[in-house]
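The values are calculated or read from the model by the stated rules, or taken from the named source; none is laboratory data. Here the structure is a predicted model, which means the values were calculated and not measured. Please note: Cβ atoms are built from the backbone with ideal geometry, for glycine as well, and neighbour counts cover all protein chains shown. Just so you know, the surface numbers come from the protein's heavy atoms only, side chains and all, with ligands and any DNA or RNA stripped out. Shrake-Rupley method; radii C 1.70, N 1.55, O 1.52, S 1.80 Å.
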Amino acid sequence: MRLSARNQIPARVTAINNGEAISNVELDAGGTSLVASITVEVVKQLGLSVGSEVTAVVKASDVILAAD
């Protein structure tokens, strides 16, 4: 599969919290915590479980950051 997104972050799954339709997949990316919200079906299709090594792909057209 060829991806156009440039932000590809290697990570490890640390937790999977399933809802009825959406799962929040918690990731450790070299000490940085990330959460991916994906469908329960995709979690099953990818065979994700705690400890799985994954690549988080971040693609956005607009990112807005605010500092306190």
All but one of (1) part of a strand (DSSP E or B); (2) open to solvent by less than 70 Å² (accessible area, probe 1.4 Å); (3) at pLDDT below 95 hold for Val35, so report the exception by its number.
(2)
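Yes or no, residue by residue, for (1) modelled with pLDDT of 85 or more; (2) acidic (Asp, Glu); (3) more than 12 Å from the chain's Cα centre (by Cα); (4) surrounded by 13 or more Cβ atoms within 10 Å (Cβ to Cβ):
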{"residue": "Ala5", "(1), (2), (3), (4)": "no, no, yes, no"}
{"residue": "Thr14", "(1), (2), (3), (4)": "yes, no, no, yes"}
{"residue": "Asp28", "(1), (2), (3), (4)": "yes, yes, no, yes"}
{"residue": "Val54", "(1), (2), (3), (4)": "yes, no, no, yes"}
What about Val50, is it at pLDDT 95 or above and outside any loop (DSSP other than H, G, I, E, B)?
no
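Among the residues of the range 22-43, is any in contact with a Gly (Cβ under 8 Å, 6 or more places away or on another chain) and aliphatic (A, V, I, L, M)?
Yes, there is a match, as at least one residue in the range 22-43 is in contact with a Gly (Cβ under 8 Å, 6 or more places away or on another chain) and aliphatic (A, V, I, L, M).
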Taking first residues from the range 17-31 that are of a type in the set (Ser, Thr, Tyr) and second residues anywhere that are loosely packed, with under 11 Cβ neighbours inside 10 Å, the pairs with Cβ under 7 Å that are 6 or more apart or on different chains are none
